[in-house]
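The values are calculated or read from the model by the stated rules, or taken from the named source; none is laboratory data. Everything numeric in this text was worked out from a predicted model, so none of it was measured. Glycine gets a Cβ as well: all are built from the backbone with ideal geometry, and neighbour counts include every protein chain shown.
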Amino acid sequence: MLGEYRIKGRRATEIAADVERAVGDGALAPGAPLPALRDLAGELGVNPNTVAAAYRLLRDRGVIETAGRKGSRVRPRPVSAPRDQAGIPVPPGARDLSTGNPDPALLPDLGPALAAAAAAAARQPVLYGHPMADAGLLELAGAAYRADGAPEGALAVCSGSLDAIGRVLAARLRPGDLVAVEDPGWGSLLDLLPALGLRTAPVGLDDEGPLPGRVAEALAAGARALIVTSRAQNPTGAAVTTERAAALRAVLAAHPDVLLIEDDHGHGMVHQPYRSLAADPGGAPTVGHWALVRSAAKALSPDLRVSVLIGDRETVDRVLGRQRLDTGWVSLLLQRTVAELWRTGAAPPAEVAAAYRARREGLRGALAERGIAAYGESGLNVWVPVADEAAVAAALVQRGWVASPGARYRLQSPPGIRLTVSTLAPAEVTALADDLAAVLGARAGGSRLI
């Protein structure tokens with residue numbers, strides 16, 4: 001069953017650590033079945049309850065899954081093998097459209113903002129006991145939230161969107177809880193949920209965001225939380241519209257105890273307005289516990305690991321309380337740098353959004369002319385449904401293009417490929433569209449033939 005590998009350990013923690021190490025080293029492959037409790041207990045000379053406790057630890061860590069009488073097996077995507085570390089070879093001379101990165105040419109010069117932050121630190125060094133958040137950053141973030149119609153709430157600073165989302169989930173949920181999440185969706189988030197011991201309820205979506213009927217089904221099935229990407233959804237580019245926001249608020253109103261998390265990482269680089277799900281246009285709350293997260297990564301720099309979340313007071317207090325016990329705070333030097341960039345308008349949102357929009361629409365238009373359906377209402381990427389994503393990705397590499405296979409982003413949704421268009425030059429669009437049409441067997445002016 002396990003090949004040459006043999007599980008070792010006497011205590012539950014030792015057994016779990018040995019299995020997790022084997023998965024990380026590749027000795028146990030994804031999907032590999034594990035011995036029955038009593039069989040492994042007999043082999044190790046321990047009580048079956050010890051093995052049961054070890055398997056429970058592994059489930060909570062997102063390493064294995066249990067399928068009733070079918071026993072336990074390594075998860076198809078264990079947390080020790082995250083999606084974004086599955087490398088995509090880039091041959092010499094190939095055009096890499098798989099990264100999901102913003103265009104460096106559209107990112108602001110960090111020098112003046114870093115210098116201003118350093119000068120502030122020289123005047124008043126940050127020492128232990130200093131406030132966790134920069135007052136200027138909170139003031140700017142709060143004003144932006146109010147201007148965009150977000151509900152009133154408390155603020156906290158975290159290290160990026162994923163850090164903020166993880167802290168909110170840990171503050172309100174327990175291992176084993178069900179979370180409704182977009183499918184296809186952000187690969188890092190899909191890895192984080194099992195790492196926290198949480199189960200996923202996949203929710204389909206279209207250009208306007210999560211489908212209300214699918215969300216209603218997930219919440220009726222017992223989902224304790226819903227995570228929605230407001231704009232620039234990764235990988236599809238979906239952006240929640242006014243009509244879709246109203247429909248989703250109606251669904252949430254029937255489940256007021258559900259935790260709502262809105263990821264608005266596209267803030268500052270998309271043209272679509274933010275549409276709140278946590279409160280209606282009049283400010284009446286939809287749910288009791290919620291959080292809205294905005295990160296500086298896409299619009300300012302992926303290395304500025306700063307995000308500001310707003311949420312209900314109880315949830316934010318829990319996040320801040322735990323943060324004090326682990327990281328303590330996010331570097332005030334980085335916080336002040338972000339505040340300075342926001343204050344000076346170093347990366348004009350309208351100009352950045354217009355540039356990315358032109359690149360997305362240029363490729364989508366070229367693909368449509370060749371009978372290829374593609375999605376990308378906002379953000380940095382275009383999602384192309386295909387019948388065999390591995391074969392399509394491999395064929396594109398042969399033609400000099402590196403795409404990201406959809407398996408990185410999917411749970412149950414149909415296959416596809418993601419093309420990052422953030423640096424796609426107009427002169428490249430025709431060649432890429434022609435090559436993709438040749439690979440898919442599409443014809444100009446016709447329908448998609450896959």
Some residue of segment 314-329 being assigned by TED's automatic domain parsing to the domain that holds Gln124, buried (at least 20 other Cβ atoms within 10 Å of the Cβ) and hydroxyl-bearing (Ser, Thr, Tyr): yes
Test: residue in segment 136-149 that is farther than 30 Å from His289 by Cα and either aromatic (Phe, Trp, Tyr) or at pLDDT below 95 (or both): no
All positions within segment 361-382 that are touching a Leu at 6+ places or on another chain (Cβ under 8 Å) and either under 23 Å from Leu205 (Cβ atoms) or not small (Gly, Ala, Ser) (or both): Leu363, Leu367, Arg370, Ile372, Ala373, Ala374, Gly376, Asn381, Val382
Unique residue being over 26 Å from the mean Cα position of the chain (by Cα) and in contact (Cβ under 8 Å) with a residue 24 or more places away in the chain when the list is Ala395, Ala427: Ala395
Candidate set: segment 272-299, residues that are modelled with pLDDT of 95 or more and assigned to a strand (DSSP E or B); chosen: the one surrounded by the fewest Cβ atoms within 10 Å (Cβ to Cβ): His289
Tally of residues being modelled with pLDDT of 80 or more, over 11 Å from Gly9 (Cβ atoms) and not in a helix (DSSP H, G or I) across segment 46-64: 3
Contacts under 9 angstrom Cβ, first residue in segment 137-148 being without any contact (Cβ under 8 Å) to a residue 24 or more places away in the chain, partner assigned to a helix (DSSP H, G or I), 6 or more apart: Glu139/Ala339
Which numbered condition Arg10 misses (of (1) modelled with pLDDT of 85 or more; (2) under 30 Å from the mean Cα position of the chain (by Cα); (3) part of a loop (DSSP other than H, G, I, E, B); (4) not aliphatic (A, V, I, L, M)): (2)
Residue under evaluation Pro302, criteria (1) under 23 Å from Ala115 (Cβ atoms); (2) not in a loop (DSSP other than H, G, I, E, B), criterion not met: (2)
Sole exception among (1) part of a loop (DSSP other than H, G, I, E, B); (2) touching a strand residue (DSSP E or B) at 6+ places or on another chain (Cβ under 9 Å) for Thr200, by number: (1)
Candidates Val392, Val330 - the one that is under 18 Å from Ala94 (Cβ atoms) and not aromatic (Phe, Trp, Tyr): Val392
Count - residues of segment 329-351 that are out of contact with any Gly (no Cβ under 7 Å at 6 or more places or on another chain), at pLDDT 95 or above and small (Gly, Ala, Ser): 1
Close pairs (9 angstrom Cβ cut-off, 6 or more residues apart or separate chains): over 17 Å from Thr99 (Cα atoms) and at pLDDT 95 or above in segment 181-193, of a type in the set (Lys, Arg) and part of a helix (DSSP H, G or I) anywhere: Asp183/Arg214
Residue check for Ala150: in contact with a Leu (Cβ under 7 Å, 6 or more places away or on another chain), of a type outside the set (D, E, K, R) and in a loop (DSSP other than H, G, I, E, B): yes
Subset of segment 155-164 (residues that are in contact with a helix residue (DSSP H, G or I) (Cβ under 8 Å, 6 or more places away or on another chain) and surrounded by fewer than 24 Cβ atoms within 10 Å (Cβ to Cβ)): Leu155, Leu162
Among the candidates Asp280, Asp257, residue that is touching a residue at least 24 places away in the same chain (Cβ under 8 Å), touching a strand residue (DSSP E or B) at 6+ places or on another chain (Cβ under 9 Å) and either closer than 30 Å to Gly345 by Cα or assigned by TED's automatic domain parsing to the domain that holds Val308 (or both): Asp257
When residues of segment 15-55 are limited to those that are without any contact (Cβ under 8 Å) to a residue 12 or more places away in the chain and acidic (Asp, Glu), the one surrounded by the most Cβ atoms within 10 Å (Cβ to Cβ): Asp18
